[in-house]
Amino acid sequence: MSVNLSPIGGAGWQFFGDDGLPLNGGLLYAYLAGSTTPQTTYSDSAGATPNTNPIVLSSTGRPTSEVWLTNGAAYKFILMTSLGVLVGTYDSIAGINDISIGSAFTASLASPPPIGTTTPNVVWATYINVTGSTIPAVGFYRSTTNTLAWATSSTTRGTVNATGN
């Protein structure tokens, strides 16, 4: 199975509660993006050993192993305290260097949340196609202005209206 390291909980991650302390016993749930359908994550780069769902964080707020995601799948992560109090929701997350998720980037342009909604700003890592070359990029969706922005390791960067214009 082909897997990619997760940008959420991947290698060396440490989660904190709203009080600033490590999220001892915190719970990291994994779902298919935009849904409540559980999605498997893996503890190894071969995709051979599934993690529990939820992943229970250690006393230092860290996953007990790395978190790897299925290539080509977008995930939603929900982070909760050990008592089940919501800390954060992170949607449309793809594995690092997952070039197949470029289509998810395009899909996100088709139906962004309306301006003025309570949808939070979103940051993601992806690949974009610039004049025939696929290059790594970091993107940002700003809900207050309904715009998408991205930057690459070169000077190429841009902003588009989130409706796809």
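The values are calculated or read from the model by the stated rules, or taken from the named source; none is laboratory data. Note that this is a predicted model, so its numbers are computed, not measured. Every residue, glycine as well, gets a Cβ built from its backbone with ideal geometry; the counts of neighbours run over all protein chains shown. Only protein heavy atoms, including side chains, enter the accessible area calculation; ligands, DNA and RNA are left aside. Shrake-Rupley method; radii C 1.70, N 1.55, O 1.52, S 1.80 Å.
Table for the structure above
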{"read-out": "Surface share of carbon and sulfur [accessible, 1.4 angstrom probe, percent] for region 47-101", "value": "59"}
{"read-out": "Relative packing of 15-24, 51-60, 89-98, which averages over residues the other C-beta atoms within 10 Å, highest first", "value": "89-98, 51-60, 15-24"}
